[in-house]
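Read the structure below first, then the notes.
The values are calculated or read from the model by the stated rules, or taken from the named source; none is laboratory data. Keep in mind the model is a prediction, meaning the values are calculated, not measured. Cβ sites come from the backbone with ideal geometry, for glycine too, and all protein chains shown count toward neighbours. Remember, those area values only see protein heavy atoms, side chains included, never the ligands or the DNA or RNA. Shrake-Rupley method; radii C 1.70, N 1.55, O 1.52, S 1.80 Å.
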Amino acid sequence: MKAIKPTWRLLDTGPRSAAYNMAADKVILTARSKDQVANTLRFLEFSPPSALVGYHQAVELEVNEAYCRQQGIEINRRITGGGSIYLDEGQLGWEIFVHRETPGIPQNLEDMYRRICEGAVAGLARLGVKAQFRPKNDIEVNGRKISGSGGAEFENAILYHGTLLTDFDVDTMIKCLKLPIHKLDDKPVQSFKKRVICLREILGDLPPLTVIKRSLMEGFMESFQIRLDPGDLNRDEIMSLEKELPYFRSQEWIRGMRPKFQNSTLQVADHKTKGGLIRVSVLTDPSRHRIKSAFITGDFFAYPERSILDLEAALKDSSSHPADLFKTVTQFFAGREIRIPGIEPDDFYQAISLGVTQASRSKE
Amino acid sequence: MEENTLDVPRDFLYDPNHYWVKVTGSTVKIGLTAYGQNIMGDILYLELVSAGTLVKKGEKVGSIESSKWVGTLLTPITGKVVGRNDEAEANPRLVNIDPYATGWLLLVEISDLGELAGLMNATVYEKWAGEQIIRERERYESY
């Protein structure tokens, strides 16, 4: 006899403001923790366009506020972790709210990320897109990021969400967020665009949003062996949402994270090698000894080409202490077959280390 | 790694959310166990409530972030916060590398000493956490 599949609720809340979407995240997560609603898959869209920082981030360090004001881009803060993101009609948000004890959801975070992202990967496969999970939190296609993700917990419930790039406006993202590139130079901007990819670029034509959602739904149903029952927010959730909305629109929430122990410094370092120049743009937080993100270019040749993008992913949010940085770089190269004529792993360490050191000095 | 993270200090008490409690008179020092921090992974941000805050067992006393995950810190003890580890807040890595000493989180003046009886000693915690790990592994593998 076939086992009956558990049923999750499907929510599709349509284009909404950032404040609505953030408040809804809190309300649904709370309702799930109190067992007032079933496990839920929600699709979310953002209108007007929005810049969101992670829960522990400070808006002033992550977002170009003047540009956002000028362009009518809303700024808000997520209840989940991770870095700043830009969202417009070119992205589809997907998220799941589940009880911690849900079968197939591991306790260990890294296992959990992989497991949940498998649902989105299976959905993309239905669209003909060969995507895969890339630690720590990305889904990528040939090394280029198509979906980032992050999560949060409340009592016994967890929220995990991601954004799928459907038809992405990279130029606006670059202007809106404080990223590790100098925006006036065309070459780094072009190179940065190669770090991400959207469905339109892969498929040529963009399928209707309904088709994309259907594919993701099927992916999650297959991956978690569940059924999805289309539903709405219940009465209590709607009431809670109305109560929470003013707070999620307030500066108290949006700017609630005081940057007491945070900083953000961008440095560009050049390191000459036999194989060519390595240029590293590194965004660091010298206060917390962290590399927030790194952007590596140069006139060298790397095989496979994606290895540099994978190195950047490995460096994200890593420790900038020299010994830790050395370990991150050497461990990265030790596990892979990478050929970069005339360049050794230590050259990358030297280049990144130089950027980190310059950033620390500029802070002093 | 799991075996090592379950080798816990003998003179501390423990709660099911993987916090340790070190009792000195009517004050306790609270931190995450090695296993608790190991589940979180590399900790990027830590935010703790201020000294003077009255806290109730099981309530939120801060937030913690690793790998884009925001977790909630819950106090295992009711009382008044009389100290917090500013150094760990500035450098959360301490919680990862030295969870039982410099990576401590809060100092709380206990309201009800009777609450300590509800916590586990080292032997009970190790056994309990070990069973949790096995159950979790089985649950994941059988899926």
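From the P(r) of the stretch A:285-364, can you give the percent of Cα pairs sitting at distances over 22 Å? That tail contains 21 percent of the Cα-Cα pairs. Given a 1.4 Å probe and every protein chain left where it sits, what share in percent of the accessible area of the stretch A:7-255 is carbon and sulfur? In the stretch A:7-255, the share of accessible area belonging to carbon and sulfur is 49 percent. Cα convex hull, the stretch A:100-179: 115 Å³ per residue, rounded to a whole number. For chain B, what % of the accessible area comes from carbon and sulfur atoms, probe 1.4 Å? With neighbouring chains kept in place, the figure for chain B is 52 percent. If you plug the beta carbon distance of A:LYS272 and A:GLU242 into 1/(1 + (r/R0)^6) with R0 = 56 Å, you get a FRET efficiency near 0.40. Remark on the stretch A:149-165: accessible area falls by at least 40 square angstrom from chain-alone to full-complex state for A:GLU153, probe 1.4 angstrom. Rounded to 0.05, the FRET efficiency of the A:ARG227 and A:ASP324 pair, given R0 = 35 Å and the Cβ-Cβ distance, is 0.15. For the pair A and B, the buried accessible area comes to roughly 3200 Å² in total, with a 1.4 Å probe and the value rounded to the nearest 100. Evaluating 6.51 cos²θ - 1.76 cosθ + 1.60 at θ = phi - 60° for every residue in the stretch A:205-215, the Karplus couplings come out as 9, 8, x, x, 4, 4, 5, 5, 5, 4, 5 Hz, glycine and proline recorded as x. Looking at the calculated P(r) for the stretch B:9-143, what percent of the C-alpha pair distances fall above 22 Å? It works out to 35 percent of all Cα pairs. Using equal-weight Cα scatterers in the Debye expression, the normalised intensity of chain A in log10 at q = 0.09 Å⁻¹ is -0.52. When both the stretch A:168-223 and the stretch B:15-36 are represented by their alpha-carbon centers, they are found 44 Å apart.
Expressed as a whole percent, the accessible surface of the stretch A:267-363 that belongs to carbon and sulfur atoms is 50, based on a 1.4 Å probe.
Distance in nm between label sites at B:LYS127 and A:ASP346, each 7 Å beyond Cα in the beta-carbon direction? Distance between the two pseudo-spin positions: 5.3 nm.
For the peptide B:67-80, the mean number of other protein chain Cβ atoms found within 10 angstrom of a residue's Cβ is 5. Whole-Hz Karplus values for the stretch A:9-26 come out as 7, 10, 10, 10, 8, x, x, 9, 6, 4, 4, 4, 5, 5, 5, 4, 4, 5 Hz, taken residue by residue from phi with 6.51 cos²θ - 1.76 cosθ + 1.60 and θ = phi - 60°; glycine and proline positions read x. Taken per residue, the accessible surface of chain A reaches 44 Å², heavy atoms only and a 1.4 Å probe. Under the simplified labelling scheme, the A:GLU155-B:SER111 pair shows an inter-label distance of 1.9 nm, with each label point 7 Å from Cα along Cα→Cβ. Between the stretch A:46-98 and the stretch A:4-45, the C-alpha centres lie 18 angstrom from each other.
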